[in-house]
Amino acid sequence: MGITWATFAPDAAPISATATGELIEIKAAPIGGWEVVLEDSERNRIMLRSTNTRSNGLMLHVQNDHWDDGSYDNWSDASSSAYPQRGAKVKIVTDHTDIDTYLTLSESRWPIGWDYSSDGREWSLVGDDRLFYYTSRYAERNQRSTVTFGEFDSVIEGDAFATVLQGIPYGVEADWADNNDDNYAEFAKFGSSGEHYLARPYHQMPTDTETLWSKRGLGFAFGLMHQYPNPASYGFYVHNGPIILEEEIEGDGNMLRGYLPGFVQPLQTAFAYHKAVLDDLPSLEGVPVLLWLSAYDDAGGYYNYKEVNGSGLLGFRLDKWRAYQ
């Protein structure tokens, strides 16, 4: 696919030299606007950053070689151990000199590949020029995990560290070969801060303590508010209000730090809508919305929601994400 063209494989060999039928309309979010700052192809390392003039300049450092921080983290160790996992080391970094010298602001892990998934490879990458969401399917439970990196819409004027990084659980309990959900990110769940990291706290000062964040929307998680189809109308509904980003702080309650761009919140989950693009949703007529299943729990699932099997539908707008767009 290019800017003005796309190719696809037909179901059968064409029988006419001239194409007939209606025109196809393709809509997609503008994922461009990123640049490679530094790259090490021999060790599979790369540093990326946004080219948007509004960007705070913080970078994503991805390391996908045979790094070794323990018996569960390294690719070769995991391949030969009783606890198989596949993970890249990812960091928010700044003040770099080269690809080995920089200041790390937070660190997590992202999944590599689709090992142990019975249905094989499946992934999506949705974003704009300042933040993206990556979802992939892997591990024995055949679920999908969503991770993210980038800049949110902060309530702090001039917030120089309004950047999030969110990854997947790692360690002995996150074995990809186990028939549980311990190896999936709780991305679709509201209020969870596991593997959710901010670059710096609201006061912008350096700290040795990791700054955590969580999402807030309606109800418990994406896609888990109401039955599908809705008994009153037999319809499918979404909430188009913003998804709140909370920073965890000491004391009673957390703090509003900003909002995650790009989302609408499906109030129901139906497997038939996984990977669908709908542009006729109530209150969003004409706005294309991509729907994608993602795990909402990493501790075995909340089985009073058996109909969605531990997953909820995420909803991504495929038009503008920010007020200035």
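For the range 205-221, a residue qualifies if it is out of contact with any Ser or Thr (no Cβ under 6 Å at 6 or more places or on another chain), open to solvent by less than 40 Å² (accessible area, probe 1.4 Å) and modelled with pLDDT of 95 or more, and the qualifying residues are Thr211, Trp213, Lys215, Gly217.
Against the conditions (1) on the phi < 0 side of the Ramachandran plot; (2) at pLDDT 95 or above; (3) open to solvent by less than 70 Å² (accessible area, probe 1.4 Å), Gly262 satisfies every one except (1). The set of residues in the range 157-184 being in contact with a strand residue (DSSP E or B) (Cβ under 9 Å, 6 or more places away or on another chain), open to solvent by 30 Å² or more (accessible area, probe 1.4 Å) and of a type in the set (Val, Ile, Thr) is empty. For the range 236-254, the criterion of a residue being within 24 Å of Leu131 (Cβ to Cβ), polar (S, T, N, Q) and open to solvent by 20 Å² or more (accessible area, probe 1.4 Å) is satisfied by at least one position.
Filter the strands (runs of 3 or more DSSP E) completely within the range 39-126 down to those with at least 2 residues that are at pLDDT 95 or above, open to solvent by less than 20 Å² (accessible area, probe 1.4 Å) and farther than 16 Å from Tyr170 by Cα. It comes to 45-50, 59-63, 87-98. Taken over the range 130-156, the criterion of being modelled with pLDDT of 95 or more, open to solvent by 40 Å² or more (accessible area, probe 1.4 Å) and not in a strand (DSSP E or B) is satisfied by Val155, Ile156.
The values are calculated or read from the model by the stated rules, or taken from the named source; none is laboratory data. Remember, predicted model here, so these are calculated numbers, not experimental data. All Cβ positions, glycine included, derive from the backbone under ideal geometry; neighbour counts span all protein chains shown. These area figures cover heavy atoms from the full protein model, side chains too; ligands, DNA and RNA do not enter into them. Shrake-Rupley method; radii C 1.70, N 1.55, O 1.52, S 1.80 Å.
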